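Peer 1: Dropping a structure here in structure tokens format, bear with me for questions.
The values are calculated or read from the model by the stated rules, or taken from the named source; none is laboratory data. Being a predicted model, the structure only gives us computed values, none of them experimental. Note that each Cβ is placed from the backbone with ideal geometry, even for glycine, and that neighbours are counted across all protein chains shown.
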Amino acid sequence: MPTSIRSLRSRIRSVSSTKQITRAMQMVAASKMRRAEEADTASAPYVESASEILTYLASQGATEGHPLFAKRPVKSRLIILVASDKGLAGAYNNNLMKRYLEELKKDDTNKIKNSTITIGRRAAQFATRLKDTAVIAVYQDLPDRPAGNELRAILDTAVAKFNSGEVDDVDVIYTAFNSTISQEVRLIHLLPAGFTETPVSEEVREAEYEPNIQDVLNSVVYRIVGAQLFQALLDARASEYAMRMMAMKNATDNADGLVDDLTLEMNKARQGAITQELAEISGGVEAMK
């Protein structure tokens, strides 16, 4: 068998094996994405209502004096960067890092100090390599639905830094999940609370608070801020799986096309070898006459 044909067959087997792996990864990502999307969709209405309430109370002056609503001139900012622990998710991490760098440049231009909490191994690897970037906490391998100690540890760090005056603003950079084929990098303001631009419905404007607004505010504001962070993490995870699913689908399709091209090339090489053998046989027969 000619060496070229043997080499082509080896490449076809290698690409076919890779295709099986990418197809399996695509199916796993699709399954995880559906679960993450369900969790994201289920909690979204609560977080939207919570953001409405905080925005309305802040606009009415009901939050004056509350430490989590203290709006100060921004001299120092804390950024919570939410990326993935693994790669093979298309442009998921690259898009986040690009937006993160843009925010760092804005802070540098405006003479604002900044520090970072990273969520995800890829975020930590990127941020720790940057010069003059303070990474104060690193969180990796969080579950798809972080809760309890995992979420509280991140939130407590941000709240403590804000209440102490070490930072005047806390922002979250993450990837919002719009649909299976549409995701976008987004920045939300976590602290001071209630300053995210959220449309307020008439129901929220006309609601009555028992026993009074201040007591309601004191008992729920920490939980509502935590819910906003929780929703961002759910969104990020659903987006990660969606982009990984699409990346693996594209890899599988490319492998299919490559196998077809290699098979065609191998068939041409085989046909050429057969034609050459026939020509040699015919030549030998003519020489013997």
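Peer 1: Can you say whether D235 is farther than 25 Å from K86 by Cα and not in a strand (DSSP E or B), as far as the supplied structure shows?
Peer 2: Answer is no for this residue.
Peer 1: Among the residues in segment 200-222, are any in a helix (DSSP H, G or I) and either in contact with a strand residue (DSSP E or B) (Cβ under 7 Å, 6 or more places away or on another chain) or at pLDDT 80 or above (or both)?
Peer 2: The initial filter retains those residues of segment 200-222 that are in a helix (DSSP H, G or I), namely 202-205, 213-222.
Next cut, either in contact with a strand residue (DSSP E or B) (Cβ under 7 Å, 6 or more places away or on another chain) or at pLDDT 80 or above (or both) only: 221-222.
The answer is yes; a qualifying residue exists.
Peer 1: Sticking with this structure for a sec: If I filter segment 160-177 for residues that are among the aromatic types (F, W, Y) and under 21 Å from S76 (Cα atoms), do I get at least one hit? Give the steps one after another, and end with the answer.
Peer 2: In the first step, residues of segment 160-177 are kept if they are among the aromatic types (F, W, Y); the result is 162, 174, 177.
Those still in the list that are under 21 Å from S76 (Cα atoms) too: 162, 174.
Yes - at least one qualifying residue is present in segment 160-177.
Peer 1: Do you know which of the residues in segment 159-177 that are in contact with a helix residue (DSSP H, G or I) (Cβ under 8 Å, 6 or more places away or on another chain) and of a type in the set (A, V, I, L, M) is nearest to E102 (Cα to Cα)?
Peer 2: Here the answer is I173.
Peer 1: Kindly provide the set of residues from segment 142-184 that are assigned to a strand (DSSP E or B), touching a Leu at 6+ places or on another chain (Cβ under 6 Å) and surrounded by fewer than 21 Cβ atoms within 10 Å (Cβ to Cβ), ordered by number.
Peer 2: If the condition is that a residue be assigned to a strand (DSSP E or B), touching a Leu at 6+ places or on another chain (Cβ under 6 Å) and surrounded by fewer than 21 Cβ atoms within 10 Å (Cβ to Cβ), then D171 is the only one that fits.
Peer 1: Can you confirm whether segment 171-187 contains a residue that is acidic (D, E) and in contact (Cβ under 8 Å) with a residue 40 or more places away in the chain?
Peer 2: There is at least one residue in segment 171-187 that is acidic (D, E) and in contact (Cβ under 8 Å) with a residue 40 or more places away in the chain.
Peer 1: Kindly indicate whether any position in segment 62-77 is in a strand (DSSP E or B) and within 29 Å of I117 (Cα to Cα). Even if it seems obvious, please write down each step before you answer.
Peer 2: So in segment 62-77, the residues in a strand (DSSP E or B) come out as 76-77.
Checking the rest, the ones that are also within 29 Å of I117 (Cα to Cα) come to 76-77.
Looking through segment 62-77, at least one residue is in a strand (DSSP E or B) and within 29 Å of I117 (Cα to Cα).
Peer 1: Output the qualifying pairs, or none if there are none: Cβ atoms under 9 angstrom, residues six or more apart or on different chains, first residue in segment 108-136 and touching a residue at least 12 places away in the same chain (Cβ under 8 Å), second residue β-branched (V, I, T) and in a helix (DSSP H, G or I).
Peer 2: I117/I154; I117/T157; I119/I154; I136/T157
Peer 1: Sticking with this one: Going residue by residue through segment 93-115, is there one that turns out to be surrounded by fewer than 16 Cβ atoms within 10 Å (Cβ to Cβ) and not in a helix (DSSP H, G or I)?
Peer 2: Checked against the condition, which is being surrounded by fewer than 16 Cβ atoms within 10 Å (Cβ to Cβ) and not in a helix (DSSP H, G or I), segment 93-115 yields at least one hit.
Peer 1: Name the single residue, out of those in segment 19-37 being among the polar types (S, T, N, Q) and touching a helix residue (DSSP H, G or I) at 6+ places or on another chain (Cβ under 6 Å), that is nearest to K268 (Cα to Cα).
Peer 2: As a first pass, look at segment 19-37 and keep what is among the polar types (S, T, N, Q): 20, 22, 26, 31.
Retained after the next criterion (residues that are touching a helix residue (DSSP H, G or I) at 6+ places or on another chain (Cβ under 6 Å)): 22, 26.
Values: T22: 28, Q26: 33 Å.
Top of the filtered list is T22.
Peer 1: Can we say N250 is over 24 Å from the mean Cα position of the chain (by Cα) and among the polar types (S, T, N, Q)?
Peer 2: For N250, the condition - over 24 Å from the mean Cα position of the chain (by Cα) and among the polar types (S, T, N, Q) - is not met.
Peer 1: Working only within segment 108-123, note down all residues that are within 21 Å of F162 (Cβ to Cβ) and within 22 Å of the chain's Cα centre (by Cα).
Peer 2: Of everything in segment 108-123, those that are within 21 Å of F162 (Cβ to Cβ) and within 22 Å of the chain's Cα centre (by Cα) turn out to be N114, S115, T116, I117, T118, I119, A123.
Peer 1: State which residue is surrounded by the fewest Cβ atoms within 10 Å (Cβ to Cβ) when the search covers only segment 220-241 and only residues that are aliphatic (A, V, I, L, M) and farther than 11 Å from T175 by Cα.
Peer 2: Step by step, filter segment 220-241, then rank; the result is V220.
Okay, residues lined up against (1) surrounded by 18 or more Cβ atoms within 10 Å (Cβ to Cβ); (2) of a type in the set (D, E, K, R):
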residue: L8; (1), (2): yes, no
residue: R13; (1), (2): no, yes
residue: S16; (1), (2): no, no
residue: Q20; (1), (2): no, no
residue: M25; (1), (2): yes, no
residue: A29; (1), (2): yes, no
residue: R34; (1), (2): no, yes
residue: E37; (1), (2): yes, yes
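Peer 1: Which one of the conditions (1) surrounded by fewer than 18 Cβ atoms within 10 Å (Cβ to Cβ); (2) under 22 Å from the mean Cα position of the chain (by Cα); (3) under 21 Å from A44 (Cα atoms); (4) hydroxyl-bearing (S, T, Y) does S201 fail to meet, given that it meets all the rest?
Peer 2: (2)
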